Each structure stands twice: as structure tokens, then as C-alpha cells.
1. May I ask what percent, to the nearest 5, of DSSP beta bridges between residues of the range 342-422 are antiparallel?
2. Which value in deg cm²/dmol, rounded to the nearest 500, describes the helix-derived mean residue ellipticity at 222 nm for the chain, given -39,500 (n - 2.57) per DSSP H run of n ≥ 4 and division by the residue count?
3. Under the 0.36 nm per residue contour assumption, what length would be gained going from the current alpha-carbon distance of Glu215 and Ala136 to full extension?
4. Give the Debye-formula value of log10 I(q)/I(0) at each listed q (0.20 Å⁻¹), with one equal scatterer per alpha carbon of the range 60-158, two decimals each.
5. Note down the magnitude of the dipole of the range 351-419 about its Cα centre, charges +1 on Lys and Arg C-beta and -1 on Asp and Glu C-beta and zero elsewhere, to the nearest 20 debye.
6. Tally Lys/Arg at +1 and Asp/Glu at -1 over every other residue whose Cβ is under 11 Å from the Cβ of Gly288; what's the total?
7. So, counting K/R as plus one and D/E as minus one, what does the shell of residues with Cβ under 10 Å around Asp248 add up to?
8. Given an 8 Å cut-off on Cα distances and at least 6 residues of separation, report the relative contact order of the chain as a percent.
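The values are calculated or read from the model by the stated rules, or taken from the named source; none is laboratory data. Everything quoted here is computed from the prediction, not taken from an experiment. Positions of Cβ are generated from backbone atoms using ideal geometry, with glycine treated the same way; all protein chains shown enter the neighbour counts. Please note that ligands, DNA and RNA were not included when accessible areas were found on the heavy atoms of the full protein model with its side chains. Shrake-Rupley method; radii C 1.70, N 1.55, O 1.52, S 1.80 Å.
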Amino acid sequence: MSTTVEEHAATVAALLAPALAAVADPSRAEMVPLTPAGPAHGRVLAADVRSPLPVPPFANSQMDGYAVRSADIAAATGSRPVRLPIGRARAAGDAADVHELGTATPVMTGAAIPAGADAVVQIEAADPPRFLGIGAAGGDPSAGVAFSTPVAPGTFIREAGSDVTAGQLLLTAGTRLGPAQLATLAAVGLTTARVRPRLRVLLVSTGHELRAPGETLGSGQIHDANTASLAASLIDTGAEVACAAAPDDAEALLAVIAAHPEADLLITTGGVSAGAFEVVRDALASRGVSFGHVAMQPGGPQGAGMLRRDELAPLPVVAFPGNPVSALLSFEMFLRPPLRRAAGLRDQREVRWLPLAHAIESPQGKHQIRRGMLRDDGSVSVGAPGSHLLHDYARSTVLVHVPAGIAALPAGAEVEVWRIDE
Ligand SMILES: Nc1nc2c(c(=O)[nH]1)N[C@H]1C(S)=C(S)[C@@H](COP(=O)(O)OP(=O)(O)OC[C@H]3O[C@@H](n4cnc5c(N)ncnc54)[C@H](O)[C@@H]3O)O[C@H]1N2
Ligand code: MOO
């Protein structure tokens, strides 16, 4: 029996839903430190965060210039400038101070606005348009500074709380902590965050031909590439990954699974098609996991279901085919969207419709996904369809979709293209 890509995607999303809901349960939240480059990066907030402080915490200057009381230069014109004596300069970090009325207080960007001043004139608009006798600046400040236009109250003042008010809802539960979110938590002085636990995924590559990178290959053996592609894909979605390899032996595979009772999700690769030694199918088909064919190429043979376990809750299982392009495209189509949605990430690739640079053929009954490259002329060229051509995938910038029902497309035909080079 063959299902469509959409049907299988819906099956996998429904299978994952309870596990994803469980990690979103507030009772499972964890506290993580908000140390720079620390463990909070990429995590998802388990609870709303309110700001304990206003940001900025005090009114400060948006420009290097002079803080003034706007009324003092209200009459200034080009022909009749107003000249004010220069007060003591304030830099960012200096404690808040008092502005003497009828003077101009030099303020640097970020300096607290001295009490009594209500506007800042940027230094370029003052006469002279440079600081006098401050820091490295030479010149004699005793002649004062002249202003030839009035300034509206509030000009170039960043009011206390203009970014965030004290008590304001800063970030909501479900927000993923990326650079800007971590920065805003730091800006309000927080040092810890309550985050959702990560989905714990057990990733098992099967096949007795597999050797880890670094191991010497014997006759008939190959290096395991699927663990690398799927572990990286899972980490990109914020999951925690335990990797294991199992030989083509059902008991050994079940033992690997039993050794990871903490897993929220099991992903396997290999051992699902029509061979004589289909370890995943053999081990899991009688325990609640269904195997069938999705009308997709690569990625046809697929398994999914809830694995019954002794004395443990059933475990959601997604079984991908072993061919490395098939495994990674299966992740792209079936797991990436729900996992990214749950992590507060955009779940869809950027989609474009572009003309093919050359004619292609496609298996008529299947949704074919080719790996391709954008060309300078705006067209897209695609590589060969083989599901072992992993290097071609690594060089590709786009996925090209040919829907089921189409057997051939001529050069110039518009195809749906997903960008994968972001
Ligand atoms: N008679 C049929 N044969 C096959 C069919 C079919 O319908 N009838 N389907 C083909 C398709 S399509 C695919 S996809 C594969 C799926 O096979 P399995 O999921 O059972 O995977 P394996 O047989 O274990 O491996 C397939 C291929 O991939 C290599 N492989 C496996 N794991 C890895 C890994 N971790 N890293 C790198 N390469 C891996 C493995 O050595 C095989 O070459 O079945 C077709 N056959
Ligand atoms: O479906 Mo298989 O994944 O074409 O190579």
C-alpha cells in the first residue's frame, strides 16, 4: 500500500504530537543559566518572562552633544544664536547629575541626562561643532557654545523604559532563545531562564556494513553517513540526540532501544525495504510500528508507529530508509517541519518557482525530490536522482519538487524549489 507524502507527513506529525506536547508541559521545565555562549542558546522558554527592570533604566542621551533646557534656546535663530556657558561633561557610566539651568552640559551617547535638561542638541548642530577642552579635544570652553535653532523637548533623549518597562511581558512561553532574545534577557539583568526540556531522540543506524568514520573499512563495508546527517538535523531543531549503531539483528536492535528508556522518540535508518535482512522491520513490525511505501523518491520505504515496550510507555518511532539521500530527505519532509514548529522555528523552507535549466524525467506515480543548484541566469539545474548521491546533495543549494503525476518536464518548465543553503 502506498501513501502520499502529505498523508505520511500527517501520520508522523500526529505520532510526534504527544511527545512534543509533553516537552511543552510547564511541569517539566528546567532552569538554565543565561551565561554567554551557554546552554540557553536555542532553548525554548517554558514560561512567560516579565522584566524586573525598565530598559533603559534611566533617561540617557542618544547622541554625543549638549544637554540643554529647551526653553533656554527657544529664541535661537541663525542671525541671533543663543550662546550658553558649557557645563561639566558627562560620559556613559557617570552617575546621574544635575544640569545647571542656562548652561549646556556636554553629554556623550548613553550618558544619563542631567536633571533639569530636557533635550540634546547633537554636537554637529552646535557652534563650534566639536567638544572643547574635554578628553582628547583641545580648545577653550570658556567662550561657551552657540545654538542657532531651537530644540523640541525630548529631542535625542532615550527615556527610561522606552525599550522595556518594569513588569512588562518581555518574551512569551514558546519563544526560542536566539541572539536577540538572549540579549534582551541580559539587558534586563536576568541570569537564568525556565526552558522546556529538549526532546530526547535516540538515533539508530542499522546495517552490519556500517563502520564509524575513522574506522578502517573491510570488504563490503562503508562509513555511516546517516548518523552525521540526522544528528546535525536534529540538533538544528533543538533536540538532544543519543546515537547508536545496531547490526542487522532484531534482538540487538531491541537491546539498543531498551538501553535508552529515557528516549522520547526513536529514529532508525535502514532495514525497512524488501531485503531478506530488514532488521528494523523484523524487530518492530510486530510491536506496533507500521511499514509501507510513500509515493516519494527518494525516501519510498518508510515506517512509523508507537513501539510497545515492556514496562515502559509506548515509544514513537520513525523509521527511515538507509540510503543516505533518502534518510536526509525523509527528515526534511517528515520530521523537520513538526520539530521546528515545536521549537518556535520557521517550519517551511523559502519556496520559489523557477524554470528548469534542462529537461528532466521523474517516476510518474511518485513525488520526486531532486537536489539542484541555482544558476546565474535564474534557472535551476538538477543532479542525478540516485539516492546514494550524497556528495551531490552536499553541493546543492535547493531541493526541486516534481509532483506525483508528472513523468517528464522540458527545459524552461517552472518547478517548485526550496532553498536549503540558509
Ligand atoms: N527489491 C527492492 N529493493 C529495494 C527497494 C524496493 O522497493 N524493492 N527499495 C529501495 C529503496 S527505494 C531504498 S531507499 C532502499 C531502502 O533500504 P533500507 O531502508 O532497507 O536500507 P538498507 O538496505 O539498510 O540500506 C540501503 C542502502 O543505504 C546504505 N546505508 C544504510 N545505512 C547507511 C548509513 N547509515 N550511512 C550510509 N549508507 C547507509 C546501505 O549500505 C545500502 O546501500 O532499498 C532499496 N531496495
Ligand atoms: O526511496 Mo529510495 O529512498 O528511492 O532510494
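1. About 95 percent, rounded to the nearest 5.
2. Calculated at 222 nm, the ellipticity per residue is -5000 deg cm²/dmol.
3. Here the segment from Glu215 to Ala136 would lengthen by 22.2 nm.
4. -0.89
5. For this selection, approximately 200 debye.
6. +3
7. Cβ neighbours under 10 Å give a net charge of -4.
8. It rounds to 16 percent for the chain.
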